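The values are calculated or read from the model by the stated rules, or taken from the named source; none is laboratory data. As the structure is a computational prediction, the values presented were derived from the model and not from experiment. Keep in mind that these areas ignore ligands, DNA and RNA; they rest on the heavy atoms of the full protein, side chains included. Shrake-Rupley method; radii C 1.70, N 1.55, O 1.52, S 1.80 Å.
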Amino acid sequence: QVQLVESGGGLVQAGGSLRLSCAASRSILSITPVGWYRQAPGKQRDVVARITSGGNTNYADSVKGRFTISRDNAKNTVYLQMNSLKPEDTAVYYCNTVWLGKDYWGQGTQVTVSS
């Protein structure tokens, strides 16, 4: 079993920045693919950014150039740096990883961007 814990969410004005963190209870985040997803009220959960075990990254078109996903293997943590935030970025953000064929999700962290 793996527990994922997100942190770093909060309330920020449009144009501001936040950095989300995803930590795991096992030292696996350096060897597993990790994704950040978000879900706004009444909407489906969508992928925001992904990083492979090899360090390759990809982003949703809506966040390209504003968000950066990265990992710190020594801290077993994956980050999502979010800059130039917009009100439409408001959502609960979740991290996800797959380990030994099983999907794991964190509990989510709320990001609210005011206009």
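For Thr77, the residues whose amide H sits under 5 Å from its own are Asp72, ignoring neighbours fewer than 5 places away on the same chain, with H placed 1.01 Å from N. Derived from the Cα gyration tensor, the three semi-axes of the equivalent ellipsoid of the chain are 23, 14, 13 Å, largest first.
Between Asn83, Asn58, Asn73, the residue with the greatest mean-square fluctuation in the GNM of the chain (Cα pairs under 10 Å linked by springs) is Asn73.
Surface listing: Trp105, Trp99, Trp36 arranged by accessible area from highest to lowest gives Trp105, Trp99, Trp36, probe 1.4 Å. With kT/(6 pi eta Rh) evaluated at 10 °C and eta = 1.306 mPa s, and Rh the Kirkwood radius from Cα pairs, the stretch 64-115 diffuses with a coefficient of 124 µm²/s according to Stokes-Einstein.
Surface analysis of the chain yields an accessible area of 52 Å² per residue, using protein heavy atoms and a 1.4 Å probe. Leaving out ligands, DNA and RNA, and with a 1.4 Å probe, what % of the accessible surface on the chain is carbon or sulfur? Within the chain, the accessible surface is 47 percent carbon and sulfur.
Rounded to the nearest whole Hz, the Karplus-based 3J(HN,Hα) values (6.51 cos²θ - 1.76 cosθ + 1.60, θ = phi - 60°) of the stretch 70-77 follow the sequence 8, 9, 10, 5, 5, 9, 6, 9, with x at glycine and proline.
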